[in-house]
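One structure is given here, and the rest of the page talks about it.
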Amino acid sequence: MNEQVLLGLADDELVLGWRESEWTGIAPLLEEDVAFSSIAQNEIGHARAVYELIVGEDGDADALAFDRKLDEYRCSPLVELHLLEWAHTIARRWLYEVADEIRITALKDDPDTAVAGLAAKIDREEAYHRMHAEMWHDRLGDEPRFQAAVEDLWPYAVGMLPEGLRADLAVRTGLDLPSNNLLQGHERGTHTPELAPLWDEMTIVRRSAPTGAQW
Amino acid sequence: MAAVEIPRDEQAFLEYVQSGGQVETTDWMPEDYRKKLIKFIEMHGNSELMGVLPEREWILRAPTLQRKLALTAKVQDEVGHAQLIYRVVEDLGKPREQCLADLVDGKAKFHNVFHYPTQSWGDVGVIAWLVDAAAIISQKALLKCSYAPYARIMKKICWEESFHILHGRDVILAMVTGTPAQFELVQEALDRWWGPLMQFHGNPIPADEDPMFLWRIKSQGNEEARQQFLDGYVPQIHELGLTVPDPKLHKRDDGVWEYTEPDWDELKHVVTGHGPKTEERLAFRRRFLEQEQWVRDVVLAA
């Protein structure tokens with residue numbers, strides 16, 4: 001299995017889980033506060049499981065998650081965006097879940113049984129996230145600001161997947177694939193300026209003690 | 001079970017609840033009792049909700065994946081508690097939307113400890129361990145609440161809170177056995193939080209003069225709760241090598257803890273909306289409540 005693909009999955013889940021935790025205590029409905037905490041928890045749990053798979057039994061998943069240099073992260077620009085605004089947050093949730101399902105489905109057929117098994121396990125939990133995202137997509141679908149948010153984020157969602165999986169994303173979302181020009185700066189492999197402040201805050205406590213300190 | 005006849009007279013109702021009688025939502029109750037219940041339970045709901053805001057900052061900064069998961073689970077529990085608690089208030093006649101609006105308008109109270117800043121990861125441990133320990137003592141005194149629907153949800157809440165204390169103690173344990181700087185973070189946090197913790201259970205008014213006790217909304221007085229907290233946790237604090245920042249604190253031969261008089265003026269000042277972080281946290285909630293009003297409008301119109 002290509003380690004970079006796994007790392008992309010884990011970093012996406014870690015960073016998106018981080019972004020969704022930003023809604024803690026301030027979601028538009030208490031029910032969504034609970035839902036977002038639960039989703040964030042699952043995403044971070046998935047990230048941990050994938051990091052553990054990459055580092056192996058004696059490896060340090062935390063070190064892999066937090067102690068890399070910024071340019072070594074493989075997350076997609078979509079999950080990095082700071083979007084404390086519900087229309088864009090839900091547009092990202094929906095686009096991410098559709099793209100993630102395509103990616104996870106491909107991983108379920110991976111020849112490495114450990115990878116395929118983990119993908120199947122993640123897929124079972126993601127099914128609930130997809131239901132939640134679909135429900136909100138249906139609720140907000142007619143709202144112009146939600147439609148505009150989907151349009152804004154669409155190139156980023158496409159940029160989350162490798163080229164071979166993009167046509168499927170277009171079919172499932174009913175959206176047209178953007179031109180290569182429009183994809184520039186939105187594809188995995190590049191980072192937005194919003195990743196650096198996120199990483200700084202995410203690791204501020206960890207960096208305050210010498211490497212190897214227990215927390 | 002045969003239905004119990006609830007007395008429809010204030011004095012007889014008072015005697016009924018004082019002898020251990022419980023009341024359901026549809027039962028008759030004196031207006032004063034209903035008002036006191038709403039005020040008390042609403043403040044509990046507000047506290048669960050406001051308590052997640054200081055934690056929010058530290059979910060984002062949690063130093064390991066495990067800690068991040070545990071904190072996220074904890075706030076999920078807490079908002080879930082707020083949801084349950086506001087439902088009880090709603091059944092008593094005050095809608096949730098009104099509670100949330102009064103909260104951000106500064107018309108409703110929440111616990112003193114959630115008006116203070118959190119400065120380090122040490123605070124995260126102290127809050128999850130000692131603030132939650134203090135809270136669980138108050139909450140256990142609600143398991144026998146004369147208002148039965150509230151007593152019932154407290155069972156679930158107390159059970160979940162007990163896990164938060166374990167998480168908090170584990171955070172503290174990792175740090176006090178870590179580097180000297182990590183130990184210092186915990187000691188500094190304890191120094192900061194000790195005052196608010198000693199104020200947490202309220203001034204030592206005799207239980208018989210406490211209306212919440214008279215109506216048997218809670219089953220113990222303020223000082224009793226504080227003594228229980230000191231008895232349960234001071235030995236544990238010492239065991240970890242930490243120092244309680246109160247030179248007067250000691251246990252008398254008769255088992256009663258003596259301590260420096262907490263600053264009751266500070267408590268009053270803080271819970272009436274003048275804490276160091278009160279306005280900032282309310283403004284933060286208010287900002288998003290206003291920004292996302294359209295979402296609630298769309299949902300309600302459906």
Filter result for B:L130 (open to solvent by 20 Å² or more (accessible area, probe 1.4 Å), part of a helix (DSSP H, G or I) and among the aliphatic types (A, V, I, L, M)) = no
Restricting attention to the range A:116-150, and to residues there that are more than 19 Å from B:R296 (Cβ to Cβ) and over 18 Å from the mean Cα position of the chain (by Cα), which single residue is farthest from the other protein chains (Cβ to nearest Cβ)?
-> A:A116
Looking at the range B:67-88, which of the residues that are more than 8 Å from chain A (Cβ to nearest Cβ) and not aliphatic (A, V, I, L, M) is surrounded by the fewest Cβ atoms within 10 Å (Cβ to Cβ)?
-> B:R87
Yes/no for A:M202 being open to solvent by less than 50 Å² (accessible area, probe 1.4 Å), touching a Ser or Thr at 6+ places or on another chain (Cβ under 8 Å) and closer than 16 Å to A:E13 by Cα = no
Inspect the range A:46-56 for any residue being under 30 Å from B:Q293 (Cβ atoms) and either open to solvent by 10 Å² or more (accessible area, probe 1.4 Å) or more than 16 Å from the chain's Cα centre (by Cα) (or both) and give the result as yes or no.
-> no
Residues that are more than 17 Å from B:L190 (Cβ to Cβ) and open to solvent by 10 Å² or more (accessible area, probe 1.4 Å), drawn from the range B:103-122 | B:D105, B:G106, B:K107, B:A108, B:K109, B:H111, B:F114
A:R74, sole failed condition from (1) over 26 Å from A:E32 (Cα atoms); (2) assigned to a helix (DSSP H, G or I) | (2)
Expected single match for touching a Cys at 6+ places or on another chain (Cβ under 8 Å) and among the basic types (K, R) among B:K218, B:K268, B:K251 is B:K218
Would you check which residues across the range A:205-215 are facing another protein chain (nearest Cβ under 8 Å), part of a loop (DSSP other than H, G, I, E, B) and open to solvent by less than 80 Å² (accessible area, probe 1.4 Å) and list them?
-> A:V205, A:A209, A:A213, A:W215
All but one of (1) touching a residue at least 24 places away in the same chain (Cβ under 8 Å); (2) open to solvent by 30 Å² or more (accessible area, probe 1.4 Å); (3) within 21 Å of A:V15 (Cα to Cα) hold for A:V98, so report the exception by its number.
-> (2)
For A:L153: the one exception among (1) surrounded by fewer than 18 Cβ atoms within 10 Å (Cβ to Cβ); (2) touching a Leu at 6+ places or on another chain (Cβ under 9 Å); (3) in contact (Cβ under 8 Å) with a residue 60 or more places away in the chain = (1)
For the range B:138-151, does any single residue satisfy the condition of being over 22 Å from B:G241 (Cβ atoms), open to solvent by 30 Å² or more (accessible area, probe 1.4 Å) and among the aliphatic types (A, V, I, L, M)?
-> yes
Selected residue (criterion: farthest from A:G56 (Cα to Cα)) from residues of the range A:117-127 that are without any contact (Cβ under 8 Å) to a residue 24 or more places away in the chain and exposed (fewer than 15 other Cβ atoms within 10 Å of the Cβ) = A:A127
The range A:101-110: number of residues that are open to solvent by 40 Å² or more (accessible area, probe 1.4 Å) and closer than 14 Å to A:L6 by Cβ = 2
Go through (1) at the interface with another protein chain (Cβ under 9 Å from one of its Cβ atoms); (2) surrounded by fewer than 18 Cβ atoms within 10 Å (Cβ to Cβ) one by one and return the number of the condition B:M50 breaks.
-> (2)
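Results for (1) within 14 Å of chain B (Cβ to nearest Cβ); (2) closer than 22 Å to A:A120 by Cα; (3) touching a Ser or Thr at 6+ places or on another chain (Cβ under 6 Å), shown as yes or no for each residue.
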residue: A:L6; (1), (2), (3): no, yes, no
residue: A:S38; (1), (2), (3): yes, yes, no
residue: A:L53; (1), (2), (3): yes, yes, no
residue: A:H82; (1), (2), (3): yes, no, no
residue: A:A99; (1), (2), (3): no, yes, no
Keeping to the range A:161-202, report how many residues are in a loop (DSSP other than H, G, I, E, B) and touching a Pro at 6+ places or on another chain (Cβ under 8 Å).
-> 6
Counting only residues that are open to solvent by 60 Å² or more (accessible area, probe 1.4 Å) and more than 14 Å from chain A (Cβ to nearest Cβ), which one in the range B:272-302 is farthest from B:K248 (Cα to Cα)?
-> B:E279
Examine the range B:38-47 for a residue that is under 23 Å from B:R216 (Cβ atoms), in contact (Cβ under 8 Å) with a residue 40 or more places away in the chain, more than 13 Å from every other protein chain (Cβ to nearest Cβ) and not in a helix (DSSP H, G or I), and state whether such a residue exists.
-> no
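The values are calculated or read from the model by the stated rules, or taken from the named source; none is laboratory data. Everything quoted here is computed from the prediction, not taken from an experiment. Because the Cβ atoms are built from the backbone with ideal geometry, glycine has one as well, and the counts that use them run over all protein chains shown. With ligands, DNA and RNA removed, areas are computed over all heavy atoms of the protein, side chains included. Shrake-Rupley method; radii C 1.70, N 1.55, O 1.52, S 1.80 Å.
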